Every structure is written in C-alpha cells, then in structure tokens.
1. So R142 ticks every box in (1) in contact with a helix residue (DSSP H, G or I) (Cβ under 9 Å, 6 or more places away or on another chain); (2) surrounded by fewer than 19 Cβ atoms within 10 Å (Cβ to Cβ); (3) among the basic types (K, R) but one. Which box is left unticked?
2. So, in the stretch 383-403, of the ones that are among the hydrophobic types (A, V, I, L, M, F, W, C) and away from the ligand (no atom under 16 Å from the Cβ), which residue ends up surrounded by the fewest Cβ atoms within 10 Å (Cβ to Cβ)?
3. Consider F180 carefully, then state whether it is away from the ligand (no atom under 16 Å from the Cβ) and either assigned to a loop (DSSP other than H, G, I, E, B) or surrounded by 15 or more Cβ atoms within 10 Å (Cβ to Cβ) (or both).
4. Within the stretch 353-382, can you find the residues that are surrounded by fewer than 24 Cβ atoms within 10 Å (Cβ to Cβ) and basic (K, R)?
5. Has the stretch 29-45 got at least one residue that is in a helix (DSSP H, G or I), touching a helix residue (DSSP H, G or I) at 6+ places or on another chain (Cβ under 6 Å) and within 16 Å of the ligand (Cβ to nearest atom)?
6. Identify the single condition in (1) hydroxyl-bearing (S, T, Y); (2) buried (at least 18 other Cβ atoms within 10 Å of the Cβ); (3) over 17 Å from F80 (Cβ atoms) that S189 does not satisfy, given that it satisfies every other one.
7. Would you call P119 farther than 29 Å from K270 by Cα, surrounded by fewer than 20 Cβ atoms within 10 Å (Cβ to Cβ) and modelled with pLDDT of 95 or more?
8. Find the residue count for the stretch 261-276, including only residues that are of a type in the set (A, V, I, L, M, F, W, C), modelled with pLDDT of 95 or more and within 16 Å of the ligand (Cβ to nearest atom).
Amino acid sequence: MSRIVAVSNRVMLPRRGNAPGGLVVGVLAAMKSRGGLWFGWNGEVEDPCTPEPTVHRRDNVTYATLSLSSEESRDYYQGFCNSTLWPLFHYFLDGFRFHDAQYESYLAVNRRFAQHLLPLLRADDVIWVHDYHFLPLARQLRQSGVQLPIGMFLHIPFPHIDSLRVLPVHAELIDSMLDFDLVGFQTQSDLDAFLAAVRVVRGPGSVAGDDGVLVNGRCVRVGVFPIGVDVDLVQQEALLAQRGEPCQRMIRGLIGKRLMIGVDRLDYSKGLVQRFKAYEQFLESHPQARNRVTYIQIAPLSRSDVHAYAAIRSELEQTAGRVNGRLAETDWTPIRYLNRNFPHGTLMGFMRNAPVGLVTPLRDGMNLVAKEFIAAQDPSDPGVLILSTLAGAARELTEALQVNPYDIRGMADAMERAFNMPREERIQRHESMLRALRRNDVAAWHSRFLELLCQPAAATGGCSFDAEASRRASRARRWS
Ligand code: ADQ
C-alpha cells in the first residue's frame, strides 16, 4: 500500500490539552488509520524561520514541520490566506483585500514548502494536500519533477465565478489547481462552482459531466467528499464525559435551566452576532422562556492578529453584554460566552446535555460541530439541532430545523419550536440524521478520497467523456 503524505497549513502534534480544529481532526483520523507523513506549518513564527523541517514520530505518524518568518506570517498567512482567500471563498466581499505583494508571498511560501517536501518523498507516495493555503502546491511540485499522484481537498466553500472574478489572479489559481490529479469538495454546489469557473477559464470543452476536467490531454478528476465524524467515538466520548467533573460542574451551574449550546471558532463566518440577536429576540417574544433557558456559547479566539477578527470579537462582547445587562436576573445569566478551548470529549459531554444545539454559520464548508451534536445525543431523548442552510452539513442533515442565519425572527421562532418539540418527533428526526452521519463518517471520507487518488484515471471513469470531441470543440471555438 502506498504511503500517505498529508500536507496542511497547520500540523498539530497530538498533545494533552490540544484542541484540534475541524481540518486537523479529519486529517489525523486518516493518518492514524493508515500511518504516513504529515507535513506543514508548526504554528510558530520566528526570524529566521527554520532552515529544515523538524521531524517527530508519534504512533505510526511522522510529523515534519516548518515555521514561518514574521514577513511570511503577515503576507502569506494573515494576508493572502486569511484576508483574501478566506473572505472571498465565504462570500464576504466587504472583508476581501488583494495586494500583489501578499500573493507573491503566498507563491513563495508554496515554493519553499514544496522544496522542503521534495527530499522527504518516496517513490510509492501518494500526496494529499489540504485546503486553500496550498492551491498552487501541485504546480510547484510538478515543476520540480514530481510525478506522484497528488490530490487536493478543499475544506471551505468554493465560490461562484461571479464572486471569484474579483480576485485578479483567479485564472492563474484555477489553472494551477489543475495540476492536481484529484480535486475534492465538501458539497455538490462547491464542485459545480469549481467546474463553472474552469469552463470560464479554460473553455466549456474542458469539462464534460461532473467527474473530470481535461487539461492538455490529461484527466484531472473531481468529486464530492463530505467530511464526517467518527460516530461511535463521539458517542463514547459524550457518555464518558457526562460523568466527569467539568460536565457535572456545568450542569450544577445551570441550576435547572435548559441548555442551548453553540461551539465555534471565533470567526465572522460563523454568524455569532446574528445568533446572539436571535436569542435576544426569542427571549423578548417568549417571556415565559426567561429564567428557564441558558445559552452557552463556546468560541475560542482564532486569528486575533487579523483586523476583521478583532472587530467581530468586540462586537460579540458588546452584544452579549447588552443582552445580559438588559435581561439578566440575580439568579440567571441569559448568555454565557466563553472564549476558551475544552478537550474534545468534554465538549461532546456538554452537547449531550443540551436540548438545543445552535449551528448557524453565514457560510461554512461543512461544519463538524453540527454532526458532532447529533452523534453526541442520547438516542432515547435527543436534543434538537438548529442548522443554517448555508452550512455544507445542511445538505445531509435535512431533518435539522433549518434556518436562514440572516433571518433573526426565523431563528428566534426555530428556538421556540426546538425547545417545545415533542419527544417522538425528536427521536424520529435524530434517527434519520444519525443514519446520514454513518453513511458519510470520517472513515468513509478519507477512504473514498484516497482510493480514488490511488487509482489510475481510466479505471475510475474520470474524464469518461469523449476527449477528442472536446478538443475539436475548443478548436472550433477559437476560430468562431
Ligand atoms: P473549522 O471552521 O475550523 O474548519 P468546524 O467544522 O466548525 O471547523 O469544526 C471545528 C472542530 O473544532 C470541531 O471538531 C469542534 O468540536 C472543535 N472545536 C470547536 N471549538 C472548540 C473548543 N472550544 N474546544 C475544543 N474543540 C473545539 C474547516 C471548515 C469547516 C469544515 C472543517 C472540516 O471551515 O466548514 O467542516 O474544516 O473540513
């Protein structure tokens, strides 16, 4: 079996107290089950940056990491990754910025990482690149002569071409993505948006069907691979944590109030301000709920050196403060807002104790918290998930109470409905969503992706359309 080489912006060595985010959880699951090499940034910024990768081995995974220089952190990471690609791919055009120098830094970091990866590669490797930080990595590796299979999975949404066009280098980026052998997306609409962009950049003849793109006679396969969770593991974690001190303390702190929970990285894409306002509206229009429910929002700070993140943080503090100031009683705090990490198991225990889970991003590639909330529930008395239609997870979790995250009144009504949903209905919705979770769990996600990446294109039906007809069509277009 080939060795798997995973490449991601952030590589985290498993350590007690680490709270890995969505991408890391998925990659770690793939690496743990198959072993291999995990290569990327170690999260540190130093001048000068590490000249060579630092290598560690844990269980059957080798970790090879590099640091970033302060200039790279500013221009590549905070700049092009977090102030250009992240807002654009999540459709936040207000927050979008483009600077040539930051794009140059993005290319240079991709080049530097490719150069350091080269000597670590073996002849039988399969390379799996993750996310928007490394869209041009395959191009850099190919230019150095690498012919191994290289796949890319995009964890965040892929925007429609009409938004993507605002990025001056969009054609170049799309083109470089076509140096991968397989490009995977969370949902069908992300894939459709990518193929629409490819048609515009390379001509309609390059795409036929939705499983392949033809580039200079070579087939680049594309597909949908919704990321999932390890359902049994989450269930075990939730059960175990429920008996532990942190959960018991949380339950004591509720003094009998019913819990509504939100768990997110603090990011403007997660819709937290709208969520706080919807809760305020819910308490205003349903005064009987006051002093009976408590909303706990856990949101550890992320990317706090990017301006937009500092702004959302202060807006949230003000909104939570206002709601609590207006409505709190001596024995009741309506919103408990915590900017900190918890061990994963503890979070699953918190979720199991919550009759309502609130996952209302303004845009999200998938959202694993939605899936974890369902998996963590007690099947005989499950909680209700309120889920944004703009999260990738909404495509699978159709039995959640789906809401428009910009519709404050709609979300407030959903809270009322969730707290009062009869048990029978909750059980039936939960069963159906649990089935969906098991169909697309984290093992299915990585094994489907890697199987396809390891197979030659002809064996998988990718680019099964008539390549010669497609070439004729693009020649005809050039002359018309
Ligand atoms: P994120 O937006 O980071 O990642 P998300 O899907 O929301 O990820 O998952 C977050 C993960 O971090 C969950 O496993 C959650 O339990 C954990 N987590 C969150 N807050 C925590 C806390 N306070 N303490 C400990 N753990 C915490 C990107 C995309 C998503 C996509 C994932 C995976 O933006 O759309 O679902 O990758 O592909």
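The values are calculated or read from the model by the stated rules, or taken from the named source; none is laboratory data. Remember, it's a predicted structure, so these values are computed and weren't measured experimentally. Quick reminder, even Gly has a Cβ in these numbers, built from the backbone with ideal geometry, and neighbours come from all protein chains shown.
1. That leaves (1) as the condition not met.
2. The first filter runs over the stretch 383-403 and keeps only residues among the hydrophobic types (A, V, I, L, M, F, W, C), leaving 384-387, 390-391, 393-394, 397, 400-401, 403.
Narrowing the set further to residues that are away from the ligand (no atom under 16 Å from the Cβ) leaves 384, 401, 403.
On the way: V384: 27, L401: 18, V403: 27.
The qualifying residue surrounded by the fewest Cβ atoms within 10 Å (Cβ to Cβ) is L401.
3. On the way: away from the ligand (no atom under 16 Å from the Cβ): yes; either assigned to a loop (DSSP other than H, G, I, E, B) or surrounded by 15 or more Cβ atoms within 10 Å (Cβ to Cβ) (or both): yes.
Yes, satisfied.
4. Selection gives R363 alone.
5. Our first condition is that a residue be in a helix (DSSP H, G or I); within the stretch 29-45, this holds for 29-34.
This time we only want the ones that are touching a helix residue (DSSP H, G or I) at 6+ places or on another chain (Cβ under 6 Å), so: 29-30.
Next cut, within 16 Å of the ligand (Cβ to nearest atom) only: 29-30.
Yes, the conditions are met somewhere in the stretch 29-45.
6. Result: S189 fails condition (2) only.
7. Numbers: farther than 29 Å from K270 by Cα: yes; surrounded by fewer than 20 Cβ atoms within 10 Å (Cβ to Cβ): yes; modelled with pLDDT of 95 or more: yes.
Yes.
8. Residues in the stretch 261-276 being of a type in the set (A, V, I, L, M, F, W, C), modelled with pLDDT of 95 or more and within 16 Å of the ligand (Cβ to nearest atom): 3 in total.
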